[in-house]
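Everything on this sheet refers to the single structure shown next.
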Amino acid sequence: TSWLYYHEAAHGNFLLTIADKLKKGTPLNVVNDQLGVPTNAYDLAEFIVLALKLFFKEGRFREPLLHFCNEGSATWYDYALAIATYLGLPSDILPVSSNEYPSRALRPHYSLMSTQLLKSVYNYHPRKWSEALAETILRLPGNEQKGEKRD
């Protein structure tokens, strides 16, 4: 999987960090030259449950190794802008290159994964990352009253 997020993570994640900084009005520099897919933890869990049900029914996994992520692609900058948009907050977000943003972790510039096996072997079609993110924003503390929670 890639760029996994959850609305109540114990140690934070990109979504929670950016949301917190946006709510405080903190100007942000966000990397705009790394491409990946923000992935909703609920969506990953939903697929794992499906795969396990099929495993117990069929006695084997249909495919031993799969990539799972939501559909589409984004840079960290695109992701941050989407968070600001869905929160309805003004954003002071500037795009920067990886070279301009110091990080202890070296990250690939291109980390897209194929979900073709999910579709062809399991007939499972992940939803778009932006759709999953919009729903998750409704689950953030203080936003619950704006929409229904997903079970």
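The table for this structure:
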| item | result |
| --- | --- |
| Modelled FRET efficiency - R0 25 Å, Glu46 with Glu100, Cβ distances, 0.05 increments | 0.10 |
| Debye, to nearest 20: dipole size of the range 56-127, +1 on Lys, Arg Cβ, -1 on Asp, Glu Cβ | 400 |
| Heavy-atom accessible surface of the chain: percent carbon and sulfur, 1.4 Å | 55 |
| CD proxy at 222 nm, helix term only [per DSSP H run n ≥ 4: -39500 (n - 2.57); per residue of the chain; nearest 500] | -11500 deg cm²/dmol |
| Cut-off under 5 Å, modelled amide H: who pairs with Asn29 long-range | Leu94 |
| Test item: Cα-centred dipole of the chain, Lys/Arg +1 and Asp/Glu -1 on Cβ, debye | 280 |
| Antiparallel DSSP beta bridges within the chain, percent to nearest 5 | 20 |
| The range 7-119, accessible area per residue, ligands and nucleic acids excluded (1.4 Å, Å²) | 60 |
| Choice from Leu94, Leu22, Leu54 with maximal GNM fluctuation in the chain (Cα, 10 Å cutoff) | Leu54 |
| Loop-located GluC sites (Glu not before Pro) in the range 66-151, at most 12 other Cβ atoms within 10 Å (DSSP) | Glu148 |
| The range 86-132: translational diffusion in µm²/s, Stokes-Einstein, Kirkwood Rh over Cα pairs, 10 °C, 1.306 mPa s | 108 |
| Hydrodynamic radius of the chain per Kirkwood, over alpha carbon pairs, in Å | 16.6 |
| Long-range HN-HN contacts of Glu71 with modeled amide H, under 5 Å | Arg127, Lys128, Trp129 |
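The values are calculated or read from the model by the stated rules, or taken from the named source; none is laboratory data. This is a predicted model, so every value here is computed, not measured. We place every Cβ from the backbone using ideal geometry, glycine too, and count neighbours over all the protein chains shown. Protein only, heavy atoms only, side chains kept; ligands, DNA and RNA dropped before computing areas. Shrake-Rupley method; radii C 1.70, N 1.55, O 1.52, S 1.80 Å.
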